[in-house]
Amino acid sequence: MICYDYKILEARTRETKVLHMQLQSPPRAWAEISTDALRHNLNVVRKAKPTHKLMPIIKAEAYGHGLEGVARALDNEGIEFFGVATPAEALRLKVAGIKTRPFLLGPCYPGEREEVVQNGWRISISSMEEAQHYESLGALYNKQVPVHICVDTGMGRSGFLPTELPGMMATLHEMKHLNCEGVFSHLSAAAEDISFTHQQIGGFEDAVTELGQHHDFEYKHLCSSAAVFNYKVPSSNMVRLGRILYGFSPMPSPFNSQLQTTLTLYSRVMLIRTLPKNHGVSYNHCYITRNLTKVATIGIGYADGYLQYLSNQDAKVFINGQYCPVLGRITMDQVMVDVTHLDEVQTGDLVELMGPNVAWAEITRQANTIPSNVLTSITARVPRIYV
Ligand SMILES: *Cc1c(COP(=O)(O)O)cnc(C)c1O
């Protein structure tokens, strides 16, 4: 097994953090996170699903919002679990003193399981091999291991197949250190294929009936953002909330208009220059000025997460109440925009690259990607500021 020197890694991140705190200058680019909007969106779902418990998903820096910041904002909101992807994310919650328990959404490989059991983190099982390993670790540490049985109703990523379920509970009951507190599944096309989604819901209901003959599950969960407002799952009592918590609902719904923007990506005008007609802008001269053009250079680039794919896609930024087109290619640390039409613009002026005036959904379309990809691309160079 490859062993990294965690002490060195940890020391490096601590140095970076200290340096950041010593910096006198304001950040070049930053993401402002509205904790009120996060709580508001959580409550929109609570209103829509009053009988359901809530599992906010905060994997991948809480979709770019910052893991600890979002965890702190929601820790006292009467939620059940925080959905995370990796043991490292679960550990960060522990170190931050978060009291809501982490749930590891996907499988854990053998080298991770010991730590998971020691910490009592919620895990899924998709195979008897995992069940037996967790059972033996539970015995080793004299601990109950809280597990959620994953059923593959059509996602094809993890879970027991429905054909494996009959008789399975009897085998699991013999494993005295497993506490099978949950059963769940994941939808693969809730926003795209309604009839397939109904098949998956049917499969989930059947699985809960089958497994439930021999066991009472405290948690039964299937829906994530694309499904919460639009589908009914009679047996479920919990929903997993990713994108919707961050203001994006993938399906049309009357609730959508109630969701608020949670993240605004800002930078500043660093330089303003006037370029003559027929002057190329940025790499490869993808853009050539047609007239005398006032060009502002902004202190953000694709290395901050302002996606390279937005180059030459009619992307716009928002400066002093007006939209300004991005010119040519986005570079690693800077982007140029047309400010010819602005009455007033100065170096240091605020630039909104994404937020209430520049919709996340629009950026997603222009970059020809999916919404989560836009937010998870915001890099560590961008400080998250919670308001
Ligand atoms: C990431 C993830 C979610 C959240 O998905 P959204 O569509 O963002 O709500 C829910 N469940 C599982 C298993 C996931 O991996």
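Residues in region 308-317: is at least one closer than 15 Å to Val337 by Cβ, of a type in the set (A, V, I, L, M, F, W, C), in contact with a Gly (Cβ under 7 Å, 6 or more places away or on another chain) and buried (at least 16 other Cβ atoms within 10 Å of the Cβ)?
So far as region 308-317 goes, no, none of its residues is closer than 15 Å to Val337 by Cβ, of a type in the set (A, V, I, L, M, F, W, C), in contact with a Gly (Cβ under 7 Å, 6 or more places away or on another chain) and buried (at least 16 other Cβ atoms within 10 Å of the Cβ).
Using beta carbons and a limit of 6 Å, which pairs, at least six apart or on different chains, have the first residue in region 183-199 and within 14 Å of Gly156 (Cα to Cα) and assigned to a loop (DSSP other than H, G, I, E, B) and the second one more than 9 Å from the ligand (Cβ to nearest atom) and open to solvent by 10 Å² or more (accessible area, probe 1.4 Å)?
Ser185/Thr153; Ser188/Gly154; Ala189/Phe196
What pairs come out if I take residues in region 232-244 that are under 22 Å from His65 (Cβ atoms) and in contact (Cβ under 8 Å) with a residue 60 or more places away in the chain and pair them with residues that are part of a helix (DSSP H, G or I) and within 6 Å of the ligand (Cβ to nearest atom) whose C-beta lies under 6 Å away, six or more apart or interchain?
Gly242/Ser225; Arg243/Ser225; Ile244/Ser225
Under 9 Å between Cβ atoms, which residue pairs at least 6 apart in sequence (or on different chains) link something in region 254-281 that is at positive phi with a partner that is part of a loop (DSSP other than H, G, I, E, B)?
Pairs found: Asn278/Thr289; Asn278/Arg290.
In region 60-85, how many residues are among the hydrophobic types (A, V, I, L, M, F, W, C), surrounded by fewer than 21 Cβ atoms within 10 Å (Cβ to Cβ) and within 27 Å of Pro50 (Cα to Cα)?
Within region 60-85, the subset among the hydrophobic types (A, V, I, L, M, F, W, C) is 60, 62, 67, 70-71, 73-74, 79, 81-82, 84-85.
Among the residues that remain, those that are also surrounded by fewer than 21 Cβ atoms within 10 Å (Cβ to Cβ) are: 60, 79, 85.
If we keep only those that are within 27 Å of Pro50 (Cα to Cα) too, we end up with 79, 85.
Within region 60-85, residues that are among the hydrophobic types (A, V, I, L, M, F, W, C), surrounded by fewer than 21 Cβ atoms within 10 Å (Cβ to Cβ) and within 27 Å of Pro50 (Cα to Cα) number 2.
Ile149 passes all but one of (1) surrounded by 14 or more Cβ atoms within 10 Å (Cβ to Cβ); (2) within 16 Å of the ligand (Cβ to nearest atom); (3) assigned to a loop (DSSP other than H, G, I, E, B); which number fails?
With (1) surrounded by 14 or more Cβ atoms within 10 Å (Cβ to Cβ); (2) within 16 Å of the ligand (Cβ to nearest atom); (3) assigned to a loop (DSSP other than H, G, I, E, B) applied to Ile149, the lone miss is (3).
Among the residues of region 172-201, how many are over 20 Å from Leu54 (Cα atoms) and open to solvent by less than 30 Å² (accessible area, probe 1.4 Å)?
Summing the residues that are over 20 Å from Leu54 (Cα atoms) and open to solvent by less than 30 Å² (accessible area, probe 1.4 Å) in region 172-201 gives 6.
Do we find that His214 is assigned to a loop (DSSP other than H, G, I, E, B) and either open to solvent by 60 Å² or more (accessible area, probe 1.4 Å) or charged (D, E, K, R) (or both) in this structure?
Details: assigned to a loop (DSSP other than H, G, I, E, B): yes; either open to solvent by 60 Å² or more (accessible area, probe 1.4 Å) or charged (D, E, K, R) (or both): yes.
Yes; evaluated as a whole, the condition is true for this residue.
Which of the residues that make up region 322-365 are in contact (Cβ under 8 Å) with a residue 40 or more places away in the chain, within 20 Å of the chain's Cα centre (by Cα) and open to solvent by less than 20 Å² (accessible area, probe 1.4 Å)?
Leu353, Met354, Gly355, Val358, Ile363
Taking region 86-125 on its own, how many of its residues are among the polar types (S, T, N, Q), open to solvent by 20 Å² or more (accessible area, probe 1.4 Å) and in a loop (DSSP other than H, G, I, E, B)? Write out each step before concluding.
Taking region 86-125 first, the residues among the polar types (S, T, N, Q) are 86, 100, 118-119, 124.
Retained after the next criterion (residues that are open to solvent by 20 Å² or more (accessible area, probe 1.4 Å)): 86, 118-119.
From what's left, in a loop (DSSP other than H, G, I, E, B): 86.
Adding up the residues that qualify gives 1.
Being touching a Lys or Arg at 6+ places or on another chain (Cβ under 9 Å) and in a loop (DSSP other than H, G, I, E, B) is the filter here; which residues of region 314-336 pass it?
Asp333
Taking the criterion of being more than 16 Å from the ligand (Cβ to nearest atom), closer than 18 Å to Ile125 by Cα and out of contact with any strand residue (DSSP E or B) (no Cβ under 8 Å at 6 or more places or on another chain), would at least one residue in region 175-188 satisfy it?
yes
Applying the selection to region 366-377, what residues are outside any helix (DSSP H, G or I) and either free of Cβ contacts under 8 Å to residues at least 40 places away in the same chain or within 13 Å of the ligand (Cβ to nearest atom) (or both)?
Here is the first cut: in region 366-377, the ones outside any helix (DSSP H, G or I) are 367-370, 377.
If the condition is that a residue be outside any helix (DSSP H, G or I) and either free of Cβ contacts under 8 Å to residues at least 40 places away in the same chain or within 13 Å of the ligand (Cβ to nearest atom) (or both), then Ile370 is the only one that fits.
Looking at (1) out of contact with any Phe, Trp or Tyr (no Cβ under 7 Å at 6 or more places or on another chain); (2) outside any loop (DSSP other than H, G, I, E, B), can you tell me which one Asn230 breaks?
Answer for Asn230: the failing condition is (2).
When only residues in region 209-254 that are of a type in the set (A, V, I, L, M, F, W, C) and away from the ligand (no atom under 14 Å from the Cβ) count, which is farthest from Tyr63 (Cα to Cα)?
Checking each candidate, the answer is Leu211.
The values are calculated or read from the model by the stated rules, or taken from the named source; none is laboratory data. Not measured: the values here are computed from a predicted model. Reconstructed Cβ throughout: ideal geometry from the backbone, glycine too, with neighbour counts over all protein chains shown. In case anyone asks, the SASA skips ligands and DNA or RNA and just uses the protein heavy atoms, side chains included. Shrake-Rupley method; radii C 1.70, N 1.55, O 1.52, S 1.80 Å.
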